[in-house]
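Please read the structure below before turning to the comments.
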Amino acid sequence: MKRRIRARSAGRDGASRRGAATGRVSRPGRGVARSARRRRRPRVVILGGAGAMGRITAADLVRTSRGAVEIVVADRDVPRAAARGGGRGPGVRAIQVDVADPASLERALHGASVVIASLPYRLNLTAMRGALAAGAHYLDLGGLFHVTRRQLELNPEFERAGIIAILGIGSAPGIINVLAELAARDLDRVREIHCLVGAVDRTRYRVVPALGFGYSVDTLLDEFVLPSAVFRDGAFSLVPALDPRERIEVRFPPPVGPLAVDTTLHSEVATLPSSFAARGIREVTFRQGFERAFMDKLRFLVKLGLADTTELELGNGGNKAVRAGVTPRQVLLELVGRLPAATAVGRPGRYEVLRALVRGTRRGRSVSVVADCHVGPRAGWGIGPDIDTGAPPSIAAQLLLSGKIEARPGVWAPEEVVPVEPFVRELKRRGMRVTCRAVAHRPGGSSRSLGGECRRRLKSALKAPVPTPPAPGTPRPRPPAGRPPAHRDNRPRVRSRDPAP
């Protein structure tokens, strides 16, 4: 049974009392209904709503919800939230919040129906517990594997509270997880899922960005510094960051083209193994790649030690080293923040492809399926590729409030509860294009394209009614207990070639 989204109860209708006092007779219930509609709008609170992605989420909610929800842009800096929060529209307001302060967080989330955490991933658990205390549904952009695994442990508490949490509903994780479900839907067995991201920036700049692509620099450095989690032979393991043995070349469609991609720490690897456990999953990886110049910058910063998060010790005229009270990462972020904003010349040229490659069997045949999401500079009404991270929380919140996402109590990954058809339709509405192609592998090494069949299934799926989600209480596999072991030399079974069929 679907759980009704909690809303504030409406009080007595003042207009009805005024009508009685003046002797006017109105149509029964019309004034009451209008007042109730105004007062019962579900409230969506965006924590970190003045940040780069939070602003996009707020703007998307304003544009697409058409006043059906009350939007609260919550940020530590109220003037910045009001000015930059994307919250110019009906039913939008900005409030101050310190997520690390329980009292402040409780005030900000009071009356919330849905909480969207557009925050540094380290704050996800705090925001999630705040949503739990407020009795509100919870969405975030992902916990970089380790935090996500800790968040999954809150499943019993969310089940008891009767509310839902969806972890990682941005681009990657998020869109890629739903693409994996799309690619795997017609397979009897699923052996491997490989998540791939390729991004390029062909924009001509007058002032070149120090580190572009719109990602959080802090999170991006963690992805390329911390050991990467992989799931192989039915078990988790860790491999060194930017391990050249894990690097492969992928032929993305134009204008991205061929790119070298590296394994990085990501949340897809934390949830896909359990989501597809019943279908025989043995391997899950995440790799991403950017233009060579951008990757060279990242590797250089890492090599210099500027991505390090341990406190600096400085020499003091030959005496014993003293602690500086800051880390190299803090120094780097401060310096990057002082640089002038990038200035483009001509049209923007950023482009991103999100890909889920699924290998498995169908009716005894070995099949590979690739589902891509193309995001160009015109997507999101001109926002560009950043829309693929900022819009999905808005889409998921609206699907949840409309009942198209079943509010099944508990903590879930996108591939478990987000219905493919309405989600992909909403991506298309925002200028993101989803494609699908499949190849059947024959004995002896030959293969036959099933691309036409795959495209027809995708086209028909987008026109089909939304499938009924599994009934509440349906058992599902949980992630393996404990944390992944320390790094072991576990060579990849994915060969150093283009993994696309």
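The values are calculated or read from the model by the stated rules, or taken from the named source; none is laboratory data. Nothing here was measured: the structure is a model prediction, and the numbers come from that model. Note that each Cβ is placed from the backbone with ideal geometry, even for glycine, and that neighbours are counted across all protein chains shown. The protein model used for the area step is the full one, side chains on, heavy atoms only, and it has no ligands, DNA or RNA in it. Shrake-Rupley method; radii C 1.70, N 1.55, O 1.52, S 1.80 Å.
The set of residues in segment 292-301 being of a type in the set (A, V, I, L, M) and more than 25 Å from the chain's Cα centre (by Cα) consists of ALA293, LEU301.
Hey, any hits in segment 166-188 for a residue that's part of a loop (DSSP other than H, G, I, E, B), under 19 Å from the mean Cα position of the chain (by Cα) and among the β-branched types (Val, Ile, Thr)? Yes, some residue in segment 166-188 is part of a loop (DSSP other than H, G, I, E, B), under 19 Å from the mean Cα position of the chain (by Cα) and among the β-branched types (Val, Ile, Thr). Condition check for PRO393 on (1) open to solvent by 10 Å² or more (accessible area, probe 1.4 Å); (2) modelled with pLDDT of 95 or more; (3) of a type outside the set (A, V, I, L, M, F, W, C): one failure, at (1).
Determine whether GLY380 is touching an Asp or Glu at 6+ places or on another chain (Cβ under 7 Å) and either open to solvent by less than 10 Å² (accessible area, probe 1.4 Å) or in a strand (DSSP E or B) (or both). So GLY380 does not fit the description; no.
When segment 291-311 is filtered for residues that are touching a strand residue (DSSP E or B) at 6+ places or on another chain (Cβ under 9 Å), free of Cβ contacts under 8 Å to residues at least 40 places away in the same chain, in a helix (DSSP H, G or I) and not aliphatic (A, V, I, L, M), only ARG292 remains.
The set of residues from segment 91-120 being at pLDDT 95 or above, buried (at least 18 other Cβ atoms within 10 Å of the Cβ) and not in a loop (DSSP other than H, G, I, E, B) comprises LEU105, ALA108, LEU109, VAL114, VAL115, ILE116, ALA117.
Which is part of a strand (DSSP E or B), surrounded by 24 or more Cβ atoms within 10 Å (Cβ to Cβ) and modelled with pLDDT under 95, of ALA356, ALA438? Only one candidate passes the filter, namely ALA438.
Among the strands (runs of 3 or more DSSP E) contained in segment 192-290, which hold 1 or more residues that are small (Gly, Ala, Ser) and open to solvent by less than 20 Å² (accessible area, probe 1.4 Å)? Counting at least 1 such residues, we get 228-232, 235-239, 283-289. Taking the numbered list (1) closer than 24 Å to GLY431 by Cβ; (2) outside any loop (DSSP other than H, G, I, E, B); (3) of a type outside the set (Lys, Arg) in turn, THR361 passes all entries but (1). Please indicate, with yes or no, whether at least one residue in segment 76-90 is within 30 Å of PHE224 (Cβ to Cβ) and at pLDDT 95 or above. Scanning segment 76-90, I find no residue that is within 30 Å of PHE224 (Cβ to Cβ) and at pLDDT 95 or above, so the answer is no.
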